[in-house]
Amino acid sequence: MAWYSWFSTIYDQALEDLYAPHRERAFSELNAGHRKVLLLPCGTGQDITPLLPRLAPDADILCMDLDPGMLAKARARGSSGCRFVQAPASELCSHVEAESLDLVVFSLGLSVVPEHESVLREALSRLRPGGQCLIFDCWAERRNLNSWPVEWMAQADLSRTPFRILEAECSDYAFHPLKDAQPLRFGGQLYVATGTRV
Ligand SMILES: C[S@@+](CC[C@H](N)C(=O)[O-])C[C@H]1O[C@@H](n2cnc3c(N)ncnc32)[C@H](O)[C@@H]1O
């Protein structure tokens, strides 16, 4: 069984309450009313409920993830506007047309997917000019005592800095450390970074 298929059996119980307030805070950085949305990787769908009130009522949300176990949980909580695709993030261009999206959300994903820099660049190319990208993730500029367990459990690399790509390639770049999130609990600093495609 793949790691995340096993993890999917306890993921929501273990992590949903811990991350929920910080997810909400991160999504408060979104512009209102986006319609065509990519959620990558969607995991068990913990983003869906807090995202919906910030999107257009007829929003079309493409939820992509590599793992069937995580996707099965996401499907169970998806709304009518959600579509689900099981695919590696590296194949996103096969599933999304260029300049077609209003919003891309990467939640706790770019620290996990192997080809994170090319995936982010490809996602930006799928945004329409004026479209928004949001990264909600964890950054260990210096690893703390909990970084290794978190990296092991999530198969993540918390030293990654994908927000630098947003800074270089987008307008309206903003980076906010989520100050209520204790770095020792998360293995690093939770943050939200946003940018607008030029
Ligand atoms: C830490 S979870 C985050 C899930 C969700 N975004 C959240 O915030 O709860 C990381 C997710 O990345 C997915 N994943 C790992 N490697 C991937 C890849 N190469 N392509 C797509 N998804 C991948 C896993 O299946 C898992 O659902």
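Bear in mind these aren't lab numbers, they're just calculated from the coordinates by the rules spelled out. Remember, predicted model here, so these are calculated numbers, not experimental data. Here the Cβ positions follow ideal geometry from the backbone for every residue, glycine too, while neighbour counts run over all protein chains shown.
Under a Cβ-Cβ limit of 4.7 Å, which cysteines in the chain have nobody to pair with?
Cys82, Cys93, Cys133, Cys138, Cys170, each lacking another Cys Cβ under 4.7 Å.
So if we plug the beta-carbon distance of Phe175 and Gln86 into 1/(1 + (r/R0)^6) with R0 = 30 Å, what FRET efficiency do we get, rounded to 0.05?
So, using R0 = 30 Å, E works out to roughly 0.45.
Send over the per residue convex hull volume for region 3-197, Cα only, as a whole number of Å³.
So the per-residue Cα hull volume is 101 Å³.
Less than 11 Å from a label point 7 Å out along the Cα-to-Cβ axis of His95: which backbone N atoms in region 55-75 qualify, by residue?
Zone members listed by number: 62-68, 71.
Multiply the residue separation of Glu115 and Ala168 by 0.36 nm, subtract the distance between their alpha-carbon atoms, and state the gained length in nm to one decimal.
17.3 nm
Looking at the chain only, what percent of DSSP beta bridges run antiparallel? Nearest 5 please.
DSSP beta bridges in the chain are roughly 40 percent antiparallel.
Which value in nm describes the separation of the simple spin-label points at Asp58 and Glu141, placed 7 Å from the Cα toward the beta carbon?
The answer from the label model is 4.5 nm.
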